[in-house]
Amino acid sequence: MNDSVMRWRAVGFDLDGTLFDNEGSATDAVAEFVPDLGIERTPQHAAWFTLEAEHFENWRAGRVSFVE
């Protein structure tokens, strides 16, 4: 066995943002990425994150599934 190969013992998932700030990271990424595409930021960019949070909460509460 090669000693430089890492063997995973566990994989963690942070589905609710308690360990990793997913929303902040996504917001920062959009703020950096969108201007590089030559696109101006608009109110729709902020609306995206509002809608994402709303729909994610509906999914967590069991009001919708991945099909919707």
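Readers should treat all values here as calculations from the given coordinates under stated rules, not as data from a laboratory. It should be emphasised that the depicted structure is a prediction, and the values quoted were computed from it without experimental measurement. Every residue, glycine among them, receives a Cβ derived from its backbone with ideal geometry; neighbour counts consider all protein chains shown.
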Of the chymotrypsin sites (Phe, Trp or Tyr not before Pro) in the chain, those whose Cβ has at most 13 other Cβ within 10 Å and which sit in DSSP loop: W8, F13, F20, F66
Positive-end extreme of charge dipole, the chain - chosen from G24, V67, V11 (charges on Cβ): V11
Contour excess over end-to-end distance, with Cα ends at D36 and E23 and 0.36 nm allotted per residue: 2.7 nm
Listed values (1) 11.9; (2) 15.3; (3) 14.1, entry calculated as Kirkwood radius over Cα pairs in Å: (2)
Estimated vicinal HN-Hα couplings, Hz - segment 44-56 in sequence order (Karplus 6.51, -1.76, 1.60; Gly, Pro = x): 5, 5, 5, 4, 4, 5, 5, 5, 4, 5, 4, 5, 5
